[in-house]
Amino acid sequence: MYNLIIAWILTLFIEFLVIWLFIRKEPLKLLFYSFLINSITLPLATFTYIYLYPSFFLTETAVFLAETVLLKLLLEIDYPRALSISLAANIITALFGFYI
């Protein structure tokens, strides 16, 4: 449980920084969106990976696509930009996770 909370906090802040680097406005709003998005996707990804289908690639792909849709809706941006943000955020988060 402790590891999941640490992973969630790290993911939240790393992905917030990536989103902020792309958007560069309203940091508190972006932090809230990062909190909201990662509070949905990280528990679902963890559950899916542990209990349903232990494939890192498939789990990350599903998270990437879900976060793309959520970013598009919350930030009111086009899909290519949402895809870019989601891809960058998830690659950086995954690399950081592998490093730890």
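Each peptide in 78-86, 66-74, 43-51, 2-10 receives the mean, over its residues, of other Cβ atoms within 10 Å, and ordering these scores from highest gives 66-74, 78-86, 43-51, 2-10. Modelled this way, with points 7 Å down the Cα-to-C-beta line, the labels at residue 36 and residue 78 are 2.3 nm from one another. Mean separation of Cα pairs under 8 Å and 6 or more residues apart, divided by the residue count, gives the chain a relative contact order of 29 percent.
Selection among 50, 100, 19 by position relative to the dipole of the chain gives 19 as farthest towards the positive end (Cβ unit charges, Cα centre). Relative to the Cα centre, the charge distribution of the chain, modelled as +1 at Lys and Arg Cβ and -1 at Asp and Glu Cβ, gives a dipole magnitude of about 160 debye. Its residues counted as N, the chain yields a C-alpha radius of gyration over 2.2 N^0.38 Å of 1.01.
Coordinate-derived values only; no laboratory data. This structure is a prediction, so every number in the text was calculated from the model and none was measured. Backbone-built Cβ (ideal geometry, glycine too); neighbour counts: all protein chains shown.
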